[in-house]
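Worksheet: the structure to be examined is printed underneath.
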Amino acid sequence: MDKLNRYRTCVQNLLEQHSQYKAQDEEVENEIFFDPIRDHYQLMRVGWKGLSRVYHTVLHFDIKDGKIWLQQNTTDIDVGQELIDMGIPKEDIVLGLHPAYKRPYTGYGVA
């Protein structure tokens, strides 16, 4: 399996694993979106909590220029470490949720 397909598989597996965590409210569902053509991948929570609409992105990854970009992480889990544990080199993970000037100090890849 080439690098890009392996990265796609790892991101999809990670999102599948995280989608197994159920929301406390039964009316809120986890939804996973995979766009392997444009390399966008998301886990969202969608539904209702009482009279309030729930619609937010839990995890969002993009694959750009041969690197996995973490664009959003609203969990308390270090998903960067989870990718490393899957065999992704740290320099191929970019914390896109941080501004460009901070990325060199994260220990992860830079754009």
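The values are calculated or read from the model by the stated rules, or taken from the named source; none is laboratory data. All of these numbers come straight from a predicted model, not from anything done at the bench. Backbone-built Cβ (ideal geometry, glycine too); neighbour counts: all protein chains shown. Note: accessible area is taken over every heavy atom of the protein model, side chains too, but ligands, DNA and RNA are not part of it. Shrake-Rupley method; radii C 1.70, N 1.55, O 1.52, S 1.80 Å.
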Legend entry - Charge-dipole axis of segment 36-111 as Lys and Arg at +1 and Asp and Glu at -1 on Cβ define it, positive-most pick from ILE63, HIS40, GLY107: HIS40
Inset, instruction - Place a +1 charge on the Cβ of each Lys and Arg in segment 1-105 and a -1 charge on the Cβ of each Asp and Glu, then give the dipole magnitude about the Cα centre in debye, rounded to the nearest 20. - result: 340 debye
Inset, instruction - Among SER52, GLN17, LEU95, pick out the residue whose Cα is farthest towards the positive end of the charge dipole of the chain, where Lys and Arg carry +1 and Asp and Glu carry -1 on C-beta, about the Cα centre. - result: LEU95
Legend entry - HN-Hα J in Hz across segment 91-100 - Karplus 6.51, -1.76, 1.60, θ = phi - 60°, x for Gly and Pro: 6, 9, 10, 10, 7, x, 7, 9, x, 3
Inset, instruction - Considering Cα pairs under 8 angstrom that are at least six residues apart, work out the relative contact order of the chain and quote it in whole percent. - result: 17 percent
Inset, instruction - Report in % the part of the accessible area of segment 1-103 that belongs to carbon and sulfur, leaving out ligands and nucleic acids; probe 1.4 Å. - result: 49 percent
Inset, instruction - Sticking with the crude label model, points 7 Å out along Cα→Cβ, report the distance from GLN72 to HIS98 in nm, one decimal please. - result: 2.1 nm
Legend entry - Those lysines that a straight Cα-Cα span of less than 23 Å connects to LYS22, excepting residues fewer than 8 apart in one chain: LYS49
Inset, instruction - Keeping all protein chains in place, calculate the accessible area per residue for the chain (probe 1.4 angstrom), answer in Å². - result: 61 Å²
